[in-house]
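A quick write-up on the structure given underneath.
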Number of protein chains: 2
Amino acid sequence: MQDFEKILENNNVKPTAMRLLVLQFLLNKKVATSLTDVENYFDKSDRTTLYRTLKTFVEKGISHKIDDGTGITKYALCEENCHCEIDNDLHLHFHCTNCNETICITDYKIPRITLPTGYIAENINLVVKGICDKCNKK
Amino acid sequence: MQDFEKILENNNVKPTAMRLLVLQFLLNKKVATSLTDVENYFDKSDRTTLYRTLKTFVEKGISHKIDDGTGITKYALCEENCHCEIDNDLHLHFHCTNCNETICITDYKIPRITLPTGYIAENINLVVKGICDKCNKK
DNA sequence: TTGAAGTATGCAACAGAAGTGCATTATTTT
DNA sequence: AAAATAATGCACTTCTGTTGCATACTTCAA
Ligand SMILES: [Mn+2]
Ligand SMILES: [Mn+2]
Ligand SMILES: [Zn+2]
Ligand SMILES: [Zn+2]
């Protein structure tokens, strides 16, 4: 059994052909991926299936959903041992306004946020927009 | 001349009837407001006009655009002396998953963000999701 | 004062993404 | 093999954001 087949089974997702392909695609990609990205890559397959595949991945903790402020939802595989928990797993996302790519900056965790009394934080989304290192070099 | 008429003129926006009404509406609201919110309030007026009014307000620095992760763009008036600058003016936004409202937490600025070498930050969007103080009390 | 230019508004239409319903197909279980 | 369960594919809808264009309103110079 392949590595990525295990990933699915460990997360209680049945490893269908399409799911394996999508997982592999996400694994190879270094940047966050939109439904349209996936759709364009697998032009034979149906948008709804891909949509539901990504949705399942998020629900089962295989990947996380990213709102980078472009209005287009992105997806990226979770790190090893990620539970998308507010104190340990949340990382910031960088969106490059030049190459239009969105990257998980997993090495830099989100700093501790202070809130006014009475507010309870359940989730934090931090997106930095600017120029990425690749575009910066050019 | 009214206060809000001055706000418009100070920002080089001609104070038309509709713009004054929208500005007043935003001033009275304590929470971030979507185009649809405005549209529902002024049900006589046209969606496009309101859309362009809000757009103009953002372009001229009267209000700022908020992406709270709901997929619906929100708007809120800028504070006095705000220039939406990355180091001074950016504040975090809180989205309550209970009452569904988004609030500017202007008293708590966004902490300093560290990025990997080569990345240039131009803008930062920080949204905390959870339970707001009002909903917490109930 | 009048006409031209510039600006704002209103209506219609479009684009793109997200999401739903339902029939069909595939897989698993009995 | 039949029944139950789950995944897929197609069509369609909803919603937000956006643009094009014709009309109305302002401004300003001749
Ligand atoms: Mn990420
Ligand atoms: Mn704000
Ligand atoms: Zn880039
Ligand atoms: Zn609330």
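Coordinate-derived values only; no laboratory data. None of these values were measured; they are calculated from a predicted model. Cβ placement follows ideal geometry from the backbone for every residue including glycine, while neighbour counts extend to all protein chains displayed.
Each stretch of four or more DSSP H residues adds -39500 (n - 2.57); spread over every residue of chain A, this sum gives -9000 deg cm²/dmol at 222 nm. For the stretch B:6-86, applying the loop criterion from DSSP together with a ceiling of 10 other beta carbons within 10 Å to the GluC sites (Glu not before Pro) yields B:GLU80, B:GLU85. Residues A:HIS91, A:HIS83, B:HIS95, arranged from fewest to most other Cβ atoms within 10 angstrom of their Cβ, appear as A:HIS83, A:HIS91, B:HIS95. Relative contact order for chain B: 20 percent, from Cα pairs under 8 Å spaced at least 6 residues apart, divided by residue count. Backbone geometry of the stretch B:82-88 corresponds, through the Karplus equation with coefficients 6.51, -1.76 and 1.60 at θ = phi - 60°, to 3J(HN,Hα) couplings of 7, 10, 6, 8, 4, 8, 10 Hz, x marking Gly and Pro. Pairs of C-alpha atoms in the stretch B:43-87 farther apart than 17 Å represent 41 percent of all such pairs. Amide hydrogen proximity for B:LYS65: with H placed 1.01 Å from N in the peptide plane, no residue at 5 or more positions away or on another chain lies under 5 Å. Summary of the geometry: the stretch B:104-138 and the stretch A:1-79, compared by the centres of their Cα atoms, lie 28 Å apart. Sorted from nearest, the other copies put their A:PHE42 label points 4.6 nm away, the label point being 7 Å from Cα in the direction of Cβ.
Between amide H atoms placed 1.01 Å from N, distances below 5 Å from A:SER34 occur with A:TYR75, all of them 5 or more places distant or on a separate chain.
Cross-link pairs exceeding 19 Å in C-alpha to C-alpha distance, out of A:LYS74/A:LYS138; A:LYS30/A:LYS74; A:LYS60/A:LYS109; B:LYS14/B:LYS55, comprise A:LYS74/A:LYS138; A:LYS60/A:LYS109.
Shown for A:LYS137: label points 7 Å from Cα along the beta-carbon vector, and their distances to the equivalent points in the other copies, 5.5 nm in ascending order.
Using a 7 Å offset from Cα along the direction of the beta-carbon, what are the separations from B:PRO116 to the same position in each other copy, nm, ascending? Here B:PRO116 shows inter-copy label distances of 3.8 nm. Phi angles across the stretch A:20-37 convert, under the Karplus curve 6.51 cos²θ - 1.76 cosθ + 1.60 with θ = phi - 60°, into 3J(HN,Hα) values of 5, 5, 5, 4, 4, 4, 5, 5, 6, 6, 8, 10, 4, 10, 8, 4, 5, 4 Hz, Gly and Pro given as x. Our coupling estimate for the stretch A:114-119, obtained by passing each phi through the Karplus curve with A = 6.51, B = -1.76, C = 1.60 and θ = phi - 60°, is 9, 10, x, 4, x, 8 Hz, Gly and Pro reported as x. Principal-axis analysis of the Cα atoms of chain B puts helix B:47-59 at an angle of about 60° to the longest axis.
Panel note: the C-alpha atoms of the stretch B:2-137, placed on their principal axes, show extents of 47, 36, 25 Å (largest first).
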